[in-house]
Amino acid sequence: MSTTKAYAAPAVNIPLEPFSLERRAPGAHDVQIEILFCGVCHSDLHQIRDEWGGSIFPMVPGHEIVGRITAVGDYVSKFKVGDLAGVGCMVDSCRECTSCQEGLEQYCETTGFVGTYNSREIKTGQPTYGGYAQSIVVDEKYTLHVSEKLDLARVAPLLCAGITTYSPLRQWKVGPGHRVAVMGLGGLGHMAVKFAVALGAEVTVLSTSAGKEADAKALGAHKFVVTKDEEQLNSVNNYFDFIINTISAQIDLGSYVNLLRLDGTMILLGVPSEAPQLHAFNLIAKRRRVAGSLIGGIAETQEMLDFCAEHNIMSDIEVIDIQHINEAFERMLKGDVKYRFVIDVASLN
Ligand code: NAP
Ligand code: ZN
Ligand code: ZN
């Protein structure tokens, strides 16, 4: 066991504060990681506010983790001390069901995946604690290799925002000739733009924030639509093959689904606390589809990290000290993030 400094939400809707926790000694298949940077995901905010129900407190959030390996168990073969490593949204799953066998651990059919935080270990039932901490111990099977070539702080958000947007773009084989809309230019949204552009699609950002247009274009988007402007919104009716929906709040889905052309698909990534409203006509009028996608499997996360190293793709970030985390959450709620907060974990020392 080792004691680790962290920041935790002590209870629902109480600001995060300094916290101390015990990490297990690395087991035979475990790696111990000194955490260097951890991204701040809107899911962290949803969960400390218990917007999805069932939150476990005290909660140490954080599932966009990068750091360096400081110890390895006897049977670890993929990593050695000194290697860079990443940990995303999950740290375990049953490993035996069809989904786990197929590398789709996020859809594990028996135990469900074990979240990096706000979840319980399969064997012990103990709560898991995330990356707003100095160290973490994870089975090597759920640990990713990180390239030495990229800026580490900018790599951290790839572990959730990156894989969550990469996975559906690959699943639906998005590429040249496709018109793709990205709804919401936040942490997930700005990564979706980068990936969809890299894959050769025509990309439009649908945003409530007129002030984000220049950034959207700099990220590679071809068009920008201010969704509060009805004329602008109507100009892209029946236009898109795919809409990647990253909105974290309750919205009227119908007016956005109408932007899909015949056989177009909206992929839901955002998880607002309230269920979306949609009229059947919005779908049947153009044989449209609404789908969803959850993070990505371990093998695909590694593929995404390798793709980013090859194409020099990283997140656009604002680095913060952990002492400013509560203020960062307030800003995130207002959509005032360009485009991901990343905690410099050295600030915990
Ligand atoms: P974020 O950085 O806060 O970005 C969300 C964006 O949504 C905002 O920047 C804003 O973009 C837009 N938005 C916010 N409130 C809105 C409103 N009331 N109406 C319309 N647009 C609004 O959040 P994130 O970290 O990217 O996460 C987005 C969502 O994805 C969250 O719900 C999160 O829990 C979920 N998520 C899902 C998965 C998964 O596996 N499916 C994984 C990670 C996160 P504009 O200013 O451009 O309008
Ligand atoms: Zn996340
Ligand atoms: Zn499983």
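Numbers for the structure displayed
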quantity	calculated
Residue, nearest to ligand 2 (Cβ to nearest atom), within region 302-322, restricted to residues that are open to solvent by less than 40 Å² (accessible area, probe 1.4 Å) and under 25 Å from D241 (Cβ atoms)	M304
Failed condition for V87, given (1) under 17 Å from the mean Cα position of the chain (by Cα); (2) away from ligand 2 (no atom under 16 Å from the Cβ); (3) of a type outside the set (S, T, N, Q)	(2)
Among the candidates D336, D252, D316, D263, residue that is over 18 Å from Y132 (Cα atoms), within 16 Å of ligand 1 (Cβ to nearest atom), in contact with a strand residue (DSSP E or B) (Cβ under 8 Å, 6 or more places away or on another chain) and without any contact (Cβ under 8 Å) to a residue 60 or more places away in the chain	D252
Residue match in region 165-185 (condition: within 16 Å of ligand 2 (Cβ to nearest atom) and either surrounded by fewer than 21 Cβ atoms within 10 Å (Cβ to Cβ) or aliphatic (A, V, I, L, M) (or both))	no
Condition check for G112: away from ligand 2 (no atom under 16 Å from the Cβ), assigned to a strand (DSSP E or B) and open to solvent by less than 30 Å² (accessible area, probe 1.4 Å)	no
Test for A280: is it farther than 22 Å from M90 by Cβ, away from ligand 1 (no atom under 16 Å from the Cβ) and without any contact (Cβ under 8 Å) to a residue 60 or more places away in the chain	yes
Segments classed as helices (runs of 4 or more DSSP H), wholly inside region 264-349, with at least 2 members that are closer than 24 Å to Q106 by Cβ and out of contact with any helix residue (DSSP H, G or I) (no Cβ under 6 Å at 6 or more places or on another chain)	298-311
Filter pass, K228 being out of contact with any Asp or Glu (no Cβ under 9 Å at 6 or more places or on another chain), open to solvent by 60 Å² or more (accessible area, probe 1.4 Å) and away from ligand 3 (no atom under 16 Å from the Cβ)	yes
Per-region count, region 231-260, residues part of a strand (DSSP E or B), open to solvent by less than 80 Å² (accessible area, probe 1.4 Å) and over 21 Å from G162 (Cβ atoms)	3
Contacts under 6 angstrom Cβ, first residue in region 149-174 being among the charged types (D, E, K, R), partner within 16 Å of ligand 2 (Cβ to nearest atom), 6 or more apart	R154/S315; R154/I317
Test: residue in region 182-198 that is on the phi > 0 side of the Ramachandran plot, more than 16 Å from ligand 3 (Cβ to nearest atom), without any contact (Cβ under 8 Å) to a residue 60 or more places away in the chain and not assigned by TED's automatic domain parsing to the domain that holds A309	no
Residue check for G54: at pLDDT 95 or above, in the same structural domain as E330 (by TED's automatic domain parsing) and crowded, with 18+ Cβ neighbours inside 10 Å	no
Pair list, Cβ under 8 Å, 6 or more apart: region 35-57 residue assigned to a loop (DSSP other than H, G, I, E, B), other residue open to solvent by 20 Å² or more (accessible area, probe 1.4 Å) and charged (D, E, K, R)	I56/R120
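The values are calculated or read from the model by the stated rules, or taken from the named source; none is laboratory data. Only a predicted model underlies this, so the values are computations on that prediction, with no experimental measurement involved. Here the Cβ is made from the backbone with ideal geometry for all residues, glycine too, and neighbour counts use every protein chain on show. Ligands, DNA and RNA are excluded from the accessible area calculation, which covers all protein heavy atoms including side chains. Shrake-Rupley method; radii C 1.70, N 1.55, O 1.52, S 1.80 Å.
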